[in-house]
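Asker: Pasting a structure below so you can have a look.
The values are calculated or read from the model by the stated rules, or taken from the named source; none is laboratory data. Owing to the predicted nature of the structure, the values given are computational and were not obtained by experimental measurement. Methodologically, a virtual Cβ is constructed for each residue, glycine included, from the backbone with ideal geometry; neighbour enumeration extends over all protein chains shown. The accessibility values were calculated without ligands, DNA or RNA, using every heavy atom of the protein model including side chains. Shrake-Rupley method; radii C 1.70, N 1.55, O 1.52, S 1.80 Å.
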There are 2 protein chains.
Amino acid sequence: MPDTFFEDVRSLHLFSKMSADNFADLMRAAYVQNFPPQIELISEGDPSDFLHVVLSGEVDLFARWNNRETSLATLRPVSTFILAATIRDAPYLMSARTLEKSRIALIPSQDVRAVFDTDGDFARAIVAELALAYRSVVKTQKDLKLRSSLERLANCLLRQQTRVDGAEEFTLPYEKRRLASLLGMTPENLSRAFKGLQPYGVRVAGSQITIADRKDLESLAKPSPLIDDFLV
Amino acid sequence: MPDTFFEDVRSLHLFSKMSADNFADLMRAAYVQNFPPQIELISEGDPSDFLHVVLSGEVDLFARWNNRETSLATLRPVSTFILAATIRDAPYLMSARTLEKSRIALIPSQDVRAVFDTDGDFARAIVAELALAYRSVVKTQKDLKLRSSLERLANCLLRQQTRVDGAEEFTLPYEKRRLASLLGMTPENLSRAFKGLQPYGVRVAGSQITIADRKDLESLAKPSPLIDDFLV
DNA sequence: GTCTTCAATTGATATTTGTCAAGGACTCTC
DNA sequence: GAGAGTCCTTGACAAATATCAATTGAAGAC
């Protein structure tokens, strides 16, 4: 094995409580690969041969239909993806591409399923992970169906500000056109939405965002823990 | 216990493989209640005290924000709901109301979590259920973000036709305004969308739908197993 | 430095979707 | 069968969002 990515993987909630033996079993057939940016790691519809773990870099999950494309999530280290497909032994519903140079650990799906069948702790960890993922998608769906694009952007900025401990000024974690896609709008509309937030004290300079008065922005955004809080 | 709803519950994938003892434990504290139509069973934000099982009738899962409301799913017997909240001991993300007179079994969440911690089979069944639910929401999200409302309706009709074994004529399973909400549009727009499907051979009379030529409608809808197939 | 490239923005316009108000169709009750 | 209630539909209009084309702006290559 090139180096000890073991530690990184083991540190994930998903793997931290399982027995050492079972973890070793999982890691035996796993391997790590480095990918350049803009590589399509998996394509929707493919059989789910591997559970993926982002060790470094950044990965975009997206979906295509009828020549259209939309981003569904962005993954940063250390996190797994395509867990549900692996568990159900079903085809991927999303495609994934690297956004930057990334190290990805690949764990054969059949090993995951085998250990899952014998290790209760692992099964419980998977449950917790899936329940979290499920709730996260439900929140996104509420965001999409209940809010206008301006409101979605406002709440997205507030969430990001919370993530950086409330700093008045911060950097957008995504390219703007991908942010637009994540929020379910076009890049052009995102530009206009940023302008639409100026009256609420939002200043934009490149990817630098300044929120002059959080309360002011909240009066428009009306953030709700049942949509915007990651952990609830 | 009033009668043997045990059998109905036990027949669910979720409970069919767990040990008889553990199932009995779960059922000991469970009870069944009959509700009239239009009763709000649970409200988003409430603590998840019970795992619910629809034994008969019909239940609507919906969400509210800022005086707006949207339907997220409709449940028919026999199925559970609010599993993820129960598992994570987190507040409900959706509200639920009966649409008709319904019998609901209520299983205390703490019992579910307790058995889940000790019964590996139950934990694995929950994993399978959650993975399915997760994938189902992801598909809905793809539907919402990648398709126009006309395309969503077209695919919804094709899915329904598949559900009734391809019959040319069938009945809509929902009230139209709730269908509109499920599809993320207004009732007015749903009416217009039905008209927009006339050129593709869709005939509407009340809740009776006739699809003259499935191929024709598919040329517009472009259904994809990765969005429209329930089991994939 | 200049050039190239690509993302981001802007303006003009088209399409989609929502809103409001009115009317029609249906069921239910009495 | 008349009336009330509800859902659905329709039309006119308004708002939101997308599209297309052109321009600006910033980062890297040379």
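Asker: To one decimal in nm, how far is B:Ser19 from the same spot in the other copies, if labels go 7 Å from Cα toward Cβ? Please give the shortest first.
Answerer: For B:Ser19, the inter-copy label distances come out at 1.7 nm.
Asker: Quick one: grab the alpha carbon gyration tensor of the protein assembly as shown, order the square roots of its eigenvalues as a ≥ b ≥ c, and give me rounded if a/c is under 1.5, else prolate or oblate depending on whether a/b is larger than b/c. Could you put the intermediate results ahead of the total?
Answerer: Working: a/c = 1.38, a/b = 1.04, b/c = 1.33.
Since a/c stays below 1.5, the shape of the protein assembly as shown is classed as rounded.
Asker: Same structure again: Residue by residue through A:110-120, how many Cβ atoms from other chains fall within 10 Å of the Cβ on average? Please list the in-between numbers first.
Answerer: Working: counts 0, 0, 0, 0, 0, 0, 4, 3, 1, 1, 9.
The per-residue average across the peptide is 2.
Asker: Report the relative contact order of chain A, percent, no decimals, based on alpha-carbon pairs under 8 angstrom and at least 6 residues apart. Intermediate values should be presented prior to the final figure.
Answerer: Details: 368 pairs, mean separation 45.1, N = 232.
Relative contact order for chain A comes out at 19 percent.
Asker: At 1.4 Å probe size, with the rest of the protein present, what percent of the exposed accessible area of the stretch A:6-60 is carbon and sulfur atoms? Mind showing how you got there, number by number?
Answerer: Working: 1330 of 2660 Å².
Percent of accessible area from carbon and sulfur atoms in the stretch A:6-60: 50.
Asker: In a Gaussian network model over chain B where Cα atoms closer than 10 Å are linked, find which of B:Gln161, B:Gln38, B:Gln208 has the largest mean-square fluctuation.
Answerer: Of the options given, B:Gln208 has the highest mean-square fluctuation.
Asker: Separate question: Springs between alpha-carbon atoms under 10 Å, Gaussian network over chain B: tell me which of B:Pro108, B:Pro37, B:Pro199 tops the mean-square fluctuations.
Answerer: The residue that fluctuates most here is B:Pro199.
Asker: Grab the other residues whose beta carbon is less than 15 angstrom from that of A:Arg192, score K and R as +1, D and E as -1, and report the net.
Answerer: Every neighbour counted, the sum reads +2.
Asker: Given only helices, namely DSSP H runs of n ≥ 4 each adding -39500 (n - 2.57), what is the per-residue ellipticity at 222 nm of chain A, to the nearest 500 deg cm²/dmol? Walk me through the numbers on the way to the answer.
Answerer: On the way: 11 runs with 106 residues, N = 232.
It comes out at -13000 deg cm²/dmol, rounded to the nearest 500.
Asker: So if I place +1 on the C-beta of Lys and Arg and -1 on the C-beta of Asp and Glu, and nothing else carries charge, what would the dipole magnitude of the stretch B:91-142 be about its Cα centre? I want it in debye, nearest 20.
Answerer: The dipole magnitude comes to about 420 debye.
Asker: Something else: Output, in nm with one decimal and in ascending order, the distances from the A:Asp117 label point to the matching label points of the other copies (7 Å from Cα along Cα-to-Cβ).
Answerer: The projected label point of A:Asp117 is separated from its counterparts by 2.8 nm.
Asker: Carbon and sulfur together cover what percent of the accessible area of the stretch A:66-177 at a 1.4 Å probe radius?
Answerer: Working: 1800 of 4180 Å².
About 43 percent, which is the carbon plus sulfur part of the accessible surface.
Asker: Helix B:120-146: angle to the longest alpha-carbon principal axis of chain B, degrees 0 to 90, nearest 10?
Answerer: 20
Asker: Counting heavy atoms of the protein chains only and a 1.4 Å probe, report the per residue accessible area for the protein assembly as shown as a whole number of Å².
Answerer: 44
Asker: Hey, what did the stretch B:147-228 get for relative contact order, percent, Cα under 8 Å, at least 6 apart? If you can, show how the numbers build up before the last one.
Answerer: Values: 84 pairs, mean separation 30.4, N = 82.
That works out to 37 percent.
Asker: Taking 30 Å as R0, compute the FRET efficiency from the Cβ-Cβ separation of B:Asp117 and B:Asp46 and round it to 0.05.
Answerer: FRET efficiency, B:Asp117 to B:Asp46: 0.85.
Asker: For the interface of A with B, what's the total buried accessible surface in square angstrom, probe 1.4 angstrom, rounded to the nearest hundred?
Answerer: Summing both sides, the interface buries roughly 4900 Å².
Asker: Treating the angle as unsigned and between 0 and 90°, give the value, to the nearest 10°, between the Cα long axis of helix A:187-196 and the longest Cα principal axis of chain A.
Answerer: 50
Asker: Residues in the stretch A:151-175 near a label at A:Thr210, defined as backbone nitrogen under 12 Å from the 7 Å Cα→Cβ point?
Answerer: Within reach of a label on A:Thr210: A:168-170.
Asker: Relative to the first principal axis of the alpha-carbon coordinates of chain A, what is the inclination of helix A:149-163, with its axis defined by its Cα atoms, in degrees from 0 to 90 and to the nearest 10?
Answerer: Between helix and principal axis, roughly 60 degrees.
Asker: What is the local net charge at B:Leu150, summed over the other residues whose Cβ is closer than 13 Å to its Cβ (Lys, Arg +1; Asp, Glu -1)? If you can, show how the numbers build up before the last one.
Answerer: On the way: positive: B:Arg147, B:Arg152, B:Arg192, B:Lys195, B:Lys222; negative: B:Asp143, B:Glu151.
My count for the surroundings of B:Leu150 gives +3.
Asker: For chain B, modelled as a Gaussian network with Cα springs under 10 Å, which listed residue fluctuates most, B:Val138, B:Val53, B:Val164?
Answerer: Highest fluctuation of the listed residues: B:Val164.
Asker: Give me, ordered by chain and number, the residues 5 or more places off A:Leu72 or on other chains with an amide H under 5 Å from its own placed amide H.
Answerer: HN-HN under 5 Å from A:Leu72: A:Leu61, A:Phe62, A:Ala63.
Asker: Oh, and also: Could you derive backbone 3J(HN,Hα) for the stretch B:15-30 from the dihedral phi with the Karplus parameters 6.51, -1.76 and 1.60 (θ = phi - 60°), listing whole Hz in sequence and x where the residue is Gly or Pro?
Answerer: Karplus values, whole Hz, x for Gly and Pro: 10, 6, 9, 6, 5, 4, 4, 5, 5, 4, 4, 4, 6, 4, 8, 7.
Asker: A further question follows. Could you compute the FRET efficiency for A:Leu172 and B:Arg68, with r as their C-beta to C-beta distance and R0 at 25 Å, rounded to 0.05? Walk me through the numbers before you get to the answer.
Answerer: Values: r = 27 Å, r/R0 = 1.09.
The pair A:Leu172/B:Arg68 has a calculated efficiency of 0.40.
Asker: Then there is this: Among residues other than A:Ser95 whose Cβ falls under 12 Å from its Cβ, what is the net charge (Lys/Arg +1, Asp/Glu -1)?
Answerer: Result for the local shell: -2.
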